[in-house]
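The values are calculated or read from the model by the stated rules, or taken from the named source; none is laboratory data. Note that the structure is a prediction, hence the values are computed from the model and not measured. Heads up, the Cβs are rebuilt from the backbone with ideal geometry, glycines too, and the neighbour counts pull from every protein chain shown. Quick note on the areas: whole protein, heavy atoms, side chains included, nothing else; ligands and nucleic acids left out. Shrake-Rupley method; radii C 1.70, N 1.55, O 1.52, S 1.80 Å.
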Amino acid sequence: MAIDFGASEPKVQAAFALHRFGFGPRSGDIDRVAADPHGTLLAELKAGAGKISDSDLVGSGEAFREAFLFRQERKVARETQRMQKGAMAPNVTPAKSMQGGMIPLPQQIYLAEAKARYAAALNADIGLVERLVWFWSNHFCVSADKGPTRPLCGAYEREAIRPHVLGKFSDMLLAVETHPAMLLYLDNARSIGPDSIAGIRRGKGLNENLAREIMELHTLGVRTGYTQTDVTNFAKVITGWTVRPPKQDPVHGGEFWFNERMHEPGSQNVIGKTYTEDGFAQGRDVLEALAHHPATAKHIATKLATHFVADVPPQSLVDKLAKRFRDTGGDLLQVTKTLVTAPESWQTRDKLKKPGEWTVAAMRASGLALQDVRRVVNAQNMLGEPLWRPPAPKGFSDDSAAWLDGMAQRLDIANQVGRIAGNAGQEPDAMVDVALGPLASRDTRETIKRAASRPQALALLLMAPEFQRR
């Protein structure tokens, strides 16, 4: 039988809100949020929320150019060394960024971005907006495993996702699909219209990857009325959406570029509507239509409800979110408010946290500081959810069953956290009050109380069923 946590006493509501909609409690959080659980959640939805300001982080264009120069430098160093070896001369000294023990530049950028992302989640009051960032970043995923995309992943999230999580879906969609990281990941940077100037001269052609994933994953959803012809025509529409080559443009290389010479000329029909030739605006108009399509509202509503509430979410909740999406023209602030305030969102906790959420929740509950971000990144690798490295364009699964096989690895990490933070922490009863409060069952409290040591008690707490759930 469903439990209505929304009608429970304030401390229960607070603990539930922190786990379901945020990244879990820190010391004192349950008491603080209990003063007004719903209001505290809604208070996080304010202008500018989710943005990261860090002067040490570089934009995607600069990251792309720096990584390009790094690869060029490495190539020259290898070639020079090879030539001098052939001449029986002393080895050339590698460039500074290539000397032994140093982290390669693209990985340095990746780790700096990872640190900023984890710090934002660890320091959030509740973490609702950060959870939204993680949701949308997975919905519109790119992969660091795709060659030049690695140093762009963090900047992509900061530039295309974070500014729009409480804005219009259509604005986020345009920002995502024109971002160099997405254009490189799904190969649109190399897509050339067959009848374009470049297509005729170079004999290279169309790539449909981005067009297909926009329809199938980003907007309408699978099998929602579009045809293969629609995909092909849409792919023609977005030819010329590419990235400036840094070799040719050292100032703006790595930035978005509408290259008219690559763009397929002429009108195109996409899902029953004809879009006349209008350069970049032709693709923008198709995206706008997709953003406001009823199938998109249903697809996004279902994914949000599945992520936050249940593997099979209540249809009434999906309907409410889809209606709010349609009525507001895809206003994600209003859709999020509907999600948070809907009674269906405050039902039984049977949704398993994904590895990243659980890791951050474990650090928040234990007070573990973010020192070497590589340890967190490695933990994510071990748990099967490597940061910005999804297995496919559909992103990581939001179904609980996908993560059950990783429980042994979670236990290993829980033991590590226990060894690092357990002895410096509180008594077992106090640990439970911080991390779970009134959500902890009598069995969980008794199990933790019987632990042989504080480190073991902390590890048992992090593996408790109540802590594993959203």
Exercise. Quick one: with all protein chains in place, what share of the accessible area of the range 367-452 is carbon or sulfur, to the nearest percent (1.4 Å probe)?
Worked result: 48 percent
Exercise. With the Cα gyration tensor of the range 345-442 giving a ≥ b ≥ c as the square roots of its eigenvalues, does the rule (a/c under 1.5 for rounded; else a/b larger than b/c for prolate; else oblate) give rounded, prolate or oblate?
Worked result: oblate
For this session: Obtain the nm distance between the two label points defined at ALA392 and ARG202 by a simple spin-label model: each point lies 7 Å from its Cα along the Cα-to-C-beta direction.
Result: 3.0 nm
Seminar exercise, completed: Mean separation of Cα contacts under 8 Å (at least 6 apart) over the residue count of the chain, i.e. the relative contact order in percent, is 19 percent
For this session: Determine the distance separating the Cα centre of the range 451-470 from the Cα centre of the range 311-378; give it in Å without decimals.
Result: 22 Å
Exercise. Computed over the Cα atoms of the range 1-67, what is the convex hull's projected area averaged over all directions, in nm²?
Worked result: 7.7 nm²
For this session: Multiply the residue separation of ASN123 and LYS273 by 0.36 nm, subtract the distance between their alpha-carbon atoms, and state the gained length in nm to one decimal.
Result: 49.3 nm
Seminar exercise, completed: Nearest-0.05 FRET efficiency for ASN423 and ASP56 at R0 = 25 Å, using Cβ-Cβ distance, is 0.15
Problem set entry | Rounded accessible area per residue of the range 309-432, 1.4 Å, Å² | 43 Å²
Exercise. Accessible surface of PHE70 in the full protein assembly, 1.4 angstrom probe, to the nearest 10 Å²?
Worked result: 10 Å²
Problem set entry | Residues with amide H under 5 Å from that of ARG469, placed H, sequence gap 5 or more | LYS353
For this session: Report, by chain and number, residues whose modeled amide H sits under 5 Å from the one on ASP249, excluding near sequence neighbours (fewer than 5 apart, same chain).
Result: none
Exercise. So what is the accessible area of the range 95-183 per residue, in Å², with the probe set to 1.4 Å?
Worked result: 28 Å²
Problem set entry | Segment PHE258-MET102, extension gain: residue separation times 0.36 nm, minus the distance between their alpha carbons | 52.5 nm
Problem set entry | Gain on full stretching of the segment that runs from MET407 to SER441 - 0.36 nm per residue minus C-alpha separation | 10.2 nm
Seminar exercise, completed: Between the residues GLY6, VAL58, GLN107, the Cα farthest towards the positive end of the dipole of the chain, that dipole coming from +1 and -1 charges on the beta-carbon of Lys, Arg, Asp and Glu, is from GLN107
Problem set entry | Volume in Å³ per residue [convex hull over Cα atoms, computed for the range 178-217] | 68 Å³
For this session: Among ILE448, ALA435, ILE420, flag the residue with its Cα farthest along the positive direction of the charge dipole of the range 381-470, charges on Cβ as +1 for Lys/Arg and -1 for Asp/Glu.
Result: ILE420
For this session: State whether the range 234-298 is rounded, prolate or oblate according to the following rule on the C-alpha gyration tensor (a ≥ b ≥ c being the square roots of its eigenvalues): a/c under 1.5 gives rounded; otherwise a/b larger than b/c gives prolate, and the remaining case gives oblate.
Result: oblate
Problem set entry | Amide H contacts under 5 Å for LEU206, placed H, 5+ residues apart | ILE192
Problem set entry | Projected label distance in nm at ARG326 and ASP285, using a 7 Å step from Cα toward the beta-carbon | 2.5 nm
Exercise. Leaving out ligands, DNA and RNA but keeping every protein chain, what accessible area does LYS320 have, in Å² rounded to the nearest 10, with a 1.4 Å probe?
Worked result: 80 Å²
Problem set entry | Average accessible area per residue (Å²) across the range 223-273 - probe 1.4 Å, nucleic acids and ligands excluded | 51 Å²
Exercise. According to a simple spin-label model (label point 7 Å from Cα along Cα-to-Cβ), what is the distance in nm between ASP171 and LYS247?
Worked result: 3.8 nm
For this session: Report, as a whole number in µm² per second, the diffusion coefficient that Stokes-Einstein gives for the chain at 20 °C and 1.002 mPa s using the Kirkwood radius over alpha carbon pairs.
Result: 89 µm²/s
